[in-house]
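Since the structure comes first, as structure tokens, the remarks are kept for the end.
Quick note: the coordinates plus some simple rules give every number you see, no bench work behind them. These numbers come from a predicted model, not from an experiment. All Cβ positions, even for glycine, are placed from backbone atoms using ideal geometry, and neighbour counts span all protein chains on display.
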Amino acid sequence: MKSKILEIFRSTPDIVSGENLSTVLGISRVSVWKHIQKLQESGYEIQASPRGYQLLMSPDTPFPWEFPEREGLIHYFSEVSSTMDIARDMARKGAPHLTVVIAGRQTSGRGRLRRSWHSSDGGLYFTLILRPDIPLQWCSRVNFAASLALCRVIRKLTGLNAAVKWPNDLLVEGGKLSGMLSEMEAVAEMVSFVTVGIGINVNNDPTAVEPNACSLMQLLGKPVSRKEILARFLNELQTYLDGSDVNLENVVLEWKEMTCTLGRNVSVITPQETSTGLALDIDSAGALILKLADGSLKKVLYGDCMNND
Ligand code: BTN
């Protein structure tokens, strides 16, 4: 109902009468008023006058009703410990493919290699539940598809020269704009679900805790709509995921065209060791191929990568 009310408001700059809303929506005027009150409590500025109602301002909060085609799959929480934990529990209970768990802020946001992810108000923090019909070894393609989709969206929406850094970070002008953490569960070599958690610095200032990070608002000097980033990202990602593995096949190739990792001297940190060398290539499963100082090649499946030059 909220999405329908907002659609009516947004289709006209005029005041909409309570009577009109009640007729179009097929509910009583008292119900209309109750929905309007709920929207106001959620931060929508709606002016009520004897002539009717007028939407003056919408908050940039990714509420489920802001995504009418996906409303049933979107779950928004103003604060959680980590969207990864909520999404994993939901996935274990059978939440469908493309369920999205979003948080306004996280008290224990997690990063890769057991780091924490600073998750203050203004950023976009969400975890996607995916159920790709693919064998275990292709699982990382899903992560590459997600970082590729996000990179495309940021470039198109902002004009910024975003680049993907192996494995799945997004950088702009060398600063970290976004990070991705992926976890999965499998049954008999087939993926049962993947949870892909993405944190994007949108309208927050991450630099106090992460000096090498940047946010879209800092880069552009104005706020950017989190709702729009998420809506476009989900659409873009779906084009890769629809049709099972077929559309995932070219993901790594496309990803290579948008990366700032290949051809650079890098250090890759894994829980076991740190390897330094020239980032030569990515194989079809997304592993980074390094050329070490002694000329030998080394394949790294997972880790954190730092550009040294
Ligand atoms: C990294 O770069 O180390 C990965 C960061 C991933 C952060 C996101 S924010 C949404 C989701 N919930 C979490 O606790 N972590 C991921």
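Taking the charge dipole of the chain about its Cα centre, with +1 at Lys and Arg Cβ atoms and -1 at Asp and Glu Cβ atoms, the residue from Gly43, Gln137, Trp65 reaching farthest to the positive side is Gly43. The Rg/Rh ratio of segment 2-57, with both radii computed over alpha carbons and Rh defined as the Kirkwood radius, is 0.90. Placing +1 on the Cβ of every Lys and Arg and -1 on the Cβ of every Asp and Glu, with nothing else charged, gives segment 64-256 a dipole about its Cα centre of roughly 380 debye. Dividing the convex hull volume of the Cα atoms of the chain by its residue count, what figure in Å³ per residue is obtained? Looking at the chain, the number lands at 148 Å³ per residue. By how many degrees, 0 to 90 and rounded to 10, does the Cα axis of helix 83-92 deviate from the longest principal axis of the chain? With rounding to tens, the tilt is 90 degrees.
Per-residue ellipticity at 222 nm, computed for the chain from helices alone with -39500 (n - 2.57) per DSSP H run of at least four residues, works out to -8500 deg cm²/dmol. Taking only the Cα atoms of segment 1-101, the ratio Rg/Rh comes out at 1.06, with Rh defined as the Kirkwood radius. The GNM of the chain, with springs linking C-alpha atoms under 10 angstrom apart, assigns the highest mean-square fluctuation among Thr261, Thr61, Thr23 to Thr23. The Kirkwood radius of segment 161-309, taken over pairs of alpha-carbon atoms, gives through the Stokes-Einstein law at 4 °C and 1.567 mPa s a diffusion coefficient of 76 µm² s⁻¹. For the chain, modelled as a GNM whose springs connect Cα atoms under 10 angstrom apart, the maximal fluctuation among Asp89, Asp294, Asp281 occurs at Asp294. Rounded to the nearest 0.05, the FRET efficiency derived from the C-beta distance between Met190 and His97 at R0 = 22 Å is 0.95. For the chain, a Gaussian network of Cα nodes joined below 10 Å ranks Leu262, Leu150, Leu220 by mean-square fluctuation, and the top entry is Leu220. Size of segment 55-203: Rg and Dmax of its alpha carbons, in Å, are 15.3, 54. Placing +1 on the Cβ of every Lys and Arg and -1 on the Cβ of every Asp and Glu, with nothing else charged, gives segment 91-177 a dipole about its Cα centre of roughly 220 debye.
Between the Cα long axis of helix 226-241 and the first principal axis of the chain there is an angle of about 60°, rounded to the nearest 10. The Cβ shell under 15 Å around Glu183 holds other residues with a net charge of +4, Lys and Arg each +1, Asp and Glu each -1.
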